[in-house]
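Quick one: the structure is below, questions incoming.
The values are calculated or read from the model by the stated rules, or taken from the named source; none is laboratory data. Every value quoted in this text rests on a predicted model; they were computed, and no experiment measured them. Glycine also receives a Cβ, built like all others from the backbone with ideal geometry; neighbour counts cover every protein chain displayed.
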Amino acid sequence: MNIPFNKPFLTGKETDYIREAIASGWISGDGVFTRKCQAFFRQRYGFQFNLMTTSCTDALEMAAILLNIRDGDEVIIPSFTFVSTANAFHRSGAKIVFADSSEESPNVNAESIARCLSRKTRACVIVHYAGISCNMGPILDLVRQHNLVLIEDAAQAIESTHRDQWLGSFGEMSTFSFHETKNITCGEGGLLVVNDEALRERAEILWHKGTNRGAFSRKEVSKYEWVDTGSSFLPSELCSAFLYAQLEHIERIQKSRVAAAQHYSNLLGPLSARYGFGMPDVPDYGRQNGHMFYLTCSNIDERNALIRFLAEKRVSAVFHYLPLHKSPFYTSFNPRRQLINAERYSDCLIRLPMYFGMGLTEIEYVVSQVEDFYRNIAPG
Ligand SMILES: *Cc1c(COP(=O)(O)O)cnc(C)c1O
């Protein structure tokens, strides 16, 4: 059996909607399909103000511009995340201060954020790794107490909740990704959610390349002009048409992914106890979205040996982030530090194959290979 790491899911309607967009004669952005997607996010998640972007990276860049960084401002960012989470704020002139993961999960927590606070801290970015919610209660207390702007990089967290509240609705701003590897995709795409009403007008201007074109199209002004900074953040109708086809099937997609995560969890749970590897900590305060399934090995050698063993059995499993606080770029202008949990997750975490339609047979095959590895190969 050959098990890929990821298989993008297609509903079959993507090309119909793209054809529809072409036939309508409107293929640039902010047309019918852009608005249909945005209306979907308003209705399903209550994201009253959201803007489609060409990627989550772009949405993070918009959030960083909206923060209005002043000289010396610091932004706290998880070390264990994708490079864009940090890059966006670095580009806007912020000093990045990296927070460690928790012991029990790759997510940051209130304590690891608190260790990064200074007089200059302006904002805190959190990542809900694997679509599993950060522990929001203490984090919200902390950001309120220190008057910080909270930004959720919810790239992996569509459809996930903290208690009964959707992830992406906690921060002043939040971002999502529709990259091919995420649950819902249009190849490359993203979303900026602006929960803070005071930032919405400016967000729309940035999105319209620094012009008041949004106000013009609502006939609030008679011409549109250059009024602020901005860039080309707005995806074409072709991307939004593709995405809309996926959104219409979101419940089916989620059902399949969540079931796959559940199967993994049921089958691997007993092995985890027997062989001592770690499983995702899914706290009872959150509902997760089946974005990914990972294990944590005892050390990097065991993890790399497991990746190699699975590859020989044609199961594609991968490691994840190299911690950003140790990256060549960051250490070129910052002292080296140690963040033990982020480094441990980087060394020990392995992501197992996960995609829409992954059946019990495939999952059982992957699990039996993991079991084989631990029974026969792993040292100790
Ligand atoms: C995927 C991902 C991104 C980047 O998303 P793009 O849409 O590819 O720009 C950023 N942050 C996290 C946590 C991600 O998982």
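Exactly one condition in (1) surrounded by fewer than 24 Cβ atoms within 10 Å (Cβ to Cβ); (2) over 18 Å from ALA88 (Cα atoms); (3) at pLDDT 95 or above; (4) out of contact with any helix residue (DSSP H, G or I) (no Cβ under 8 Å at 6 or more places or on another chain) is false for LEU238; which is it?
(4)
Hey, another quick one. Can you tell me how many residues in segment 184-196 are away from the ligand (no atom under 11 Å from the Cβ) and either closer than 17 Å to GLY46 by Cβ or of a type in the set (Lys, Arg) (or both)?
If we filter segment 184-196 for residues that are away from the ligand (no atom under 11 Å from the Cβ), which is where we start, we get 184, 192-196.
Now restrict to residues that are either closer than 17 Å to GLY46 by Cβ or of a type in the set (Lys, Arg) (or both): 192-196.
Looking only at that region, the number is 5.
Which of the helices (runs of 4 or more DSSP H) contained wholly in segment 270-380 include at least 3 residues that are closer than 30 Å to ARG115 by Cα and of a type outside the set (Val, Ile, Thr)? Let's see the steps before the verdict.
On the way: elements: 300-312, 328-331, 340-348, 360-372.
Output list reads 328-331, 340-348.
Find all pairs meeting these conditions: Cβ atoms under 6 angstrom apart; at least six residues apart or on different chains; first residue within segment 354-380 and of a type in the set (Ser, Thr, Tyr); second residue in a helix (DSSP H, G or I).
Cβ pairs passing all conditions: TYR374/TYR275.
Let me ask you something else. Within segment 138-176, track down each residue that is surrounded by fewer than 20 Cβ atoms within 10 Å (Cβ to Cβ) and within 15 Å of the chain's Cα centre (by Cα).
Scanning segment 138-176 gives THR161, SER169.
For segment 60-84, name all the residues that are among the hydrophobic types (A, V, I, L, M, F, W, C) and within 29 Å of ARG344 (Cβ to Cβ). Talk me through it step by step, then tell me what you get.
Restricting attention to segment 60-84, the residues satisfying the condition of being among the hydrophobic types (A, V, I, L, M, F, W, C) are 60, 62-67, 69, 75-77, 80, 82-83.
Within segment 60-84, LEU60, ALA63, ALA64, VAL75, ILE76, ILE77, PHE80, PHE82, VAL83 qualify.
Look at ASN334 and say whether it is surrounded by 14 or more Cβ atoms within 10 Å (Cβ to Cβ), at pLDDT below 95 and not basic (Lys, Arg). Before you say what the answer is, go through the steps one by one.
Values: surrounded by 14 or more Cβ atoms within 10 Å (Cβ to Cβ): yes; at pLDDT below 95: yes; not basic (Lys, Arg): yes.
Against the criterion (surrounded by 14 or more Cβ atoms within 10 Å (Cβ to Cβ), at pLDDT below 95 and not basic (Lys, Arg)), ASN334 qualifies.
Show the residue pairs meeting these rules: Cβ distance below 8 Å; 6+ apart or different chains; first residue within segment 135-156 and within 16 Å of the ligand (Cβ to nearest atom); second residue among the charged types (D, E, K, R).
LEU150/GLU172; ILE151/GLU172; ALA155/LYS182; GLN156/LYS182
Consider only pairs whose beta carbons are under 8 Å apart and that are at least six residues apart or on different chains; among these, list those whose first residue lies in segment 173-191 and is of a type in the set (Asp, Glu) and whose second residue is more than 7 Å from the ligand (Cβ to nearest atom).
What qualifies is GLU180/ASN6; GLU180/PRO8; GLU180/GLY187; GLU188/THR54; GLU188/GLU180; GLU188/CYS239.
Among the residues of segment 268-281, is there at least one that is under 21 Å from the mean Cα position of the chain (by Cα) and surrounded by fewer than 16 Cβ atoms within 10 Å (Cβ to Cβ)?
Yes: one or more hits.
Ok, one more. Filtering segment 197-216 down to residues that are acidic (Asp, Glu) and touching a residue at least 40 places away in the same chain (Cβ under 8 Å), which residue is farthest from the ligand (Cβ to nearest atom)?
So the first thing to find is which residues in segment 197-216 are acidic (Asp, Glu), and the list is 197, 201, 204.
Among the residues that remain, those that are also touching a residue at least 40 places away in the same chain (Cβ under 8 Å) are: 197, 204.
Numbers: GLU197: 25, GLU204: 21 Å.
The selected residue is GLU197.
In segment 95-133, which residue that is crowded, with 24+ Cβ neighbours inside 10 Å and over 22 Å from TYR294 (Cβ atoms) is nearest to the ligand (Cβ to nearest atom)?
CYS124
When segment 222-235 is examined, which residues are found to be surrounded by 18 or more Cβ atoms within 10 Å (Cβ to Cβ) and away from the ligand (no atom under 16 Å from the Cβ)?
Selection gives GLY230 alone.
With respect to LYS219, is the statement that it is basic (Lys, Arg) and away from the ligand (no atom under 16 Å from the Cβ) true? Walk me through it before giving the result.
Values: basic (Lys, Arg): yes; away from the ligand (no atom under 16 Å from the Cβ): yes.
It is true that LYS219 is basic (Lys, Arg) and away from the ligand (no atom under 16 Å from the Cβ).
Let me ask you something else. Against the condition among the small types (Gly, Ala, Ser), more than 30 Å from GLU111 (Cβ to Cβ) and modelled with pLDDT of 95 or more, how does ALA342 come out, does it pass?
Details: among the small types (Gly, Ala, Ser): yes; more than 30 Å from GLU111 (Cβ to Cβ): no; modelled with pLDDT of 95 or more: yes.
Here the answer is no, as ALA342 does not meet what is asked.
Given the conditions (1) near the ligand (Cβ under 10 Å from one of its atoms); (2) surrounded by fewer than 20 Cβ atoms within 10 Å (Cβ to Cβ); (3) within 23 Å of GLU74 (Cβ to Cβ), report the number of the one that THR181 does not fulfil.
Only one criterion is unmet by THR181, namely (3).
Is there any pair linking a residue in segment 97-123 that is within 8 Å of ILE76 (Cα to Cα) to one that is among the small types (Gly, Ala, Ser) and surrounded by fewer than 24 Cβ atoms within 10 Å (Cβ to Cβ), with Cβ under 6 Å and at least six apart or on different chains, and which?
Note: pairs meeting the criteria are ALA99/SER112.
May I ask you to list the residues in segment 338-350 that are surrounded by 14 or more Cβ atoms within 10 Å (Cβ to Cβ) and of a type outside the set (S, T, N, Q)?
Residues satisfying the conditions are LEU339, ALA342, GLU343, ARG344, TYR345, ASP347, CYS348, LEU349, ILE350.
If you don't mind, there's one more thing I want to ask. What is the residue count in segment 52-80 for residues that are within 10 Å of the ligand (Cβ to nearest atom), of a type in the set (Ser, Thr, Tyr) and in contact with a Leu (Cβ under 7 Å, 6 or more places away or on another chain)?
Of segment 52-80, the ones within 10 Å of the ligand (Cβ to nearest atom) are 53-61, 78, 80.
If we keep only those that are of a type in the set (Ser, Thr, Tyr) too, we end up with 53-55, 57.
Keeping just the survivors that are in contact with a Leu (Cβ under 7 Å, 6 or more places away or on another chain) gives 53.
The total comes to 1.
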